[in-house]
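The values are calculated or read from the model by the stated rules, or taken from the named source; none is laboratory data. This structure is a prediction, so every number in the text was calculated from the model and none was measured. Cβ coordinates were reconstructed from backbone atoms using ideal geometry, including for glycine residues, and neighbour counts include every protein chain displayed.
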Ligand SMILES: [Zn+2]
């Protein structure tokens with residue numbers, strides 16, 4: 001997640017991230033290890049937790065790590081009552097319905113949400129159709145370039161003419 005968005009969460013809920021520079025207690029020094037599309041989901045979750053504690057975060061409560069894993073949000077905390085765990089669980093479940101890149105949610109007329117979870121890729125991702133398309137194009141461009149670089153290196157080494165399409 002880009003710095004300005006991460007800073008907004010850190011600045012608005014400083015007591016939840018009090019150990020963010022202490023690598024023994026928390027991994028928040030690495031920031032939010034997911035893309036910008038989940039900013040609102042994470043911000044709202046922090047806000048709900050803050051409201052639950054009526055703005056007074058108890059000493060024992062802090063956030064240890066926030067990241068994407070296997071296409072879903074993971075939100076690790078020290079310890080908390082069941083209500084807080086429920087909020088976290090709901091946000092983690094919802095992440096599969098929110099594009100991790102652009103934050104788009106699928107809201108068809110019938111009110112049924114559609115998952116953006118893609119498990120048919122080399123890496124599991126949660127992306128809307130447009131972002132998936134961009135992601136695939138980018139990936140193929142990268143693979144193509146790696147192949148071309150490999151061929152030209154081989155060509156240099158062997159001083160062989162490169163025939164396109166062979
Ligand atoms: Zn998207």
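Report, by residue number, each residue of the range 89-124 that is within 11 Å of the ligand (Cβ to nearest atom) and either part of a helix (DSSP H, G or I) or within 21 Å of residue 76 (Cβ to Cβ) (or both). Matches in the range 89-124: 98, 100. Scanning the range 70-79 for residues that are away from the ligand (no atom under 16 Å from the Cβ) and at pLDDT below 95 yields 70, 78, 79. So, residue 136, is that one within 15 Å of the ligand (Cβ to nearest atom) and more than 27 Å from residue 43 (Cβ to Cβ) or not? So residue 136 passes the test. Residue 40: within 16 Å of the ligand (Cβ to nearest atom) and surrounded by fewer than 18 Cβ atoms within 10 Å (Cβ to Cβ), yes or no? Criteria met by residue 40.
Every residue, every condition in (1) without any contact (Cβ under 8 Å) to a residue 12 or more places away in the chain; (2) under 27 Å from residue 134 (Cα atoms), yes or no:
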residue: 2; (1), (2): no, yes
residue: 5; (1), (2): no, yes
residue: 21; (1), (2): yes, no
residue: 24; (1), (2): yes, no
residue: 34; (1), (2): no, yes
residue: 46; (1), (2): no, no
residue: 68; (1), (2): no, yes
residue: 72; (1), (2): no, yes
residue: 117; (1), (2): no, yes
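In the range 25-33, is there at least one residue being at pLDDT 95 or above and touching a strand residue (DSSP E or B) at 6+ places or on another chain (Cβ under 8 Å)? Yes, because at least one residue in the range 25-33 is at pLDDT 95 or above and touching a strand residue (DSSP E or B) at 6+ places or on another chain (Cβ under 8 Å). In the range 126-133 there is no residue that is surrounded by fewer than 16 Cβ atoms within 10 Å (Cβ to Cβ), in contact (Cβ under 8 Å) with a residue 40 or more places away in the chain and within 16 Å of the ligand (Cβ to nearest atom). Being more than 16 Å from the ligand (Cβ to nearest atom), part of a loop (DSSP other than H, G, I, E, B), under 12 Å from the mean Cα position of the chain (by Cα) and modelled with pLDDT under 95 is a condition met by no residue of the range 53-69.
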